[in-house]
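Step one of this worksheet: look at the structure below.
The values are calculated or read from the model by the stated rules, or taken from the named source; none is laboratory data. Since the structure is predicted, the reported quantities are computational estimates derived from the model, not experimental observations. Note: ideal-geometry Cβ built from the backbone for every residue, glycine included; neighbour counts use all protein chains shown. Keep in mind that these areas ignore ligands, DNA and RNA; they rest on the heavy atoms of the full protein, side chains included. Shrake-Rupley method; radii C 1.70, N 1.55, O 1.52, S 1.80 Å.
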Amino acid sequence: MVTTSPAHTQHTAAAHEPPAAARAAGIVVAITAALAILGLAFALPAVHSGPHEVPIGAAGPTAAGGQLTGMLEQKAPGAFAVTYYPGQDALADAIRHRAVYGGIVLPAQPGRQATLLIASGGSPAVAQLLGQLGNEISERTGVPLQTQDLAPLPARDPRGAGLAASALPITLAGILPAIALVLALRREVWTRFAAAVVFSGVAGLTIATLLRYVFGSIDQNFWGVTGGLTLGVAAAALTVLGLGSLFGKAGLAVGAVLALLVGNPLSGLTSAPEMLPAGWGQVGQLLPQGATATLLRSTAAFDGAGATSAIVVLVCWALAGTALVVVAGLRRPNPTPK
């Protein structure tokens, strides 16, 4: 029987390794490519952002409404989608139910004052855009304009910076626990599933507490915000957990990349889905991060109005992740990630 010494084995393995310079070059190229991908994922949506079919409303005389539409199409073609309402009350109700971001009430008689209705809690970026638009319309038509905010931001965070800054932490809350649980609990499928569910509740409560009591970014519906964040974190975490449970480290990598490089930049939490490159905002709303962003704004400023579609999306992702975990548990009672 021929035996091979450890020294000979190490020498043979070293002989098959690429030169050190080649390995160093490979590391540099790989990290550079990763940084380029990260830069594209986070910066490209911001660079090409702008209003695309932003839903707004108008109320007032039909003729004046037609002039408004013509003015908008001339100034920013395709930027706004205008819906007409019979009066200010109907328009205000549509804004409070998140059917539109805001709108303008045109005077019935010449010389009367127009009213710009906005909802800063729905999107500070869109509210600012509508404010600029209203001022320009007032200057061009000579009609005095007053502004009314139907969903103002809290006094402690008048720019809405806290909600915008929470986008990345919310995304990481859906990735990191799943990765840690799959790698640390290699055999206990059901234990890590239970831990992920519990973590979702703890994370939702923690983030809501920070937004309410530390940053002052929300001032109402605390438990509604907590519930929405819990569902959002659970949807993302269970999806990544399911992929990792069924496909091992490769599944974790796919889930993390999808959440961090696609879901987070396209969530729209820092502006609005309609402010992202055309079409991509709608794609983002079908992912857990985008749906969580919509649900967070709905619960924080509109008492949950307009959150139905986001809840449906998140429940579907949570159920899909749960199904993957169940399949992994049934197929491999003691699964070990590869």
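Listing for the model above:
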| item | result |
| --- | --- |
| Matching residues in the range 240-258 - criterion: being more than 14 Å from residue 180 (Cβ to Cβ) and open to solvent by less than 10 Å² (accessible area, probe 1.4 Å) | 242, 248, 251 |
| Within the range 80-135, tally of residues that are touching a helix residue (DSSP H, G or I) at 6+ places or on another chain (Cβ under 9 Å) and either surrounded by fewer than 18 Cβ atoms within 10 Å (Cβ to Cβ) or part of a strand (DSSP E or B) (or both) | 17 |
| Matching residues in the range 156-192 - criterion: being open to solvent by 70 Å² or more (accessible area, probe 1.4 Å) and not in a helix (DSSP H, G or I) | 156, 158, 159, 186, 187, 188 |
| Sole residue being open to solvent by 20 Å² or more (accessible area, probe 1.4 Å) and either under 15 Å from the mean Cα position of the chain (by Cα) or modelled with pLDDT of 95 or more (or both), chosen from 295, 286, 330, 276 | 286 |
| Residue 271 vs. criteria surrounded by fewer than 24 Cβ atoms within 10 Å (Cβ to Cβ), out of contact with any Lys or Arg (no Cβ under 7 Å at 6 or more places or on another chain), small (Gly, Ala, Ser) and modelled with pLDDT of 95 or more | no |
| Which listed residue, of 232, 224, 216, is open to solvent by less than 10 Å² (accessible area, probe 1.4 Å), over 30 Å from residue 330 (Cα atoms) and of a type outside the set (A, V, I, L, M, F, W, C) | 216 |
| Filter pass, residue 237 being crowded, with 23+ Cβ neighbours inside 10 Å, under 16 Å from the mean Cα position of the chain (by Cα) and farther than 16 Å from residue 294 by Cα | yes |
| Single unsatisfied condition, residue 262 versus (1) at pLDDT 95 or above; (2) surrounded by fewer than 24 Cβ atoms within 10 Å (Cβ to Cβ); (3) under 17 Å from the mean Cα position of the chain (by Cα); (4) more than 22 Å from residue 308 (Cα to Cα) | (1) |
| Filter result for the condition that a residue is polar (S, T, N, Q) and in contact with a Ser or Thr (Cβ under 8 Å, 6 or more places away or on another chain), over 230, 239 | 230 |
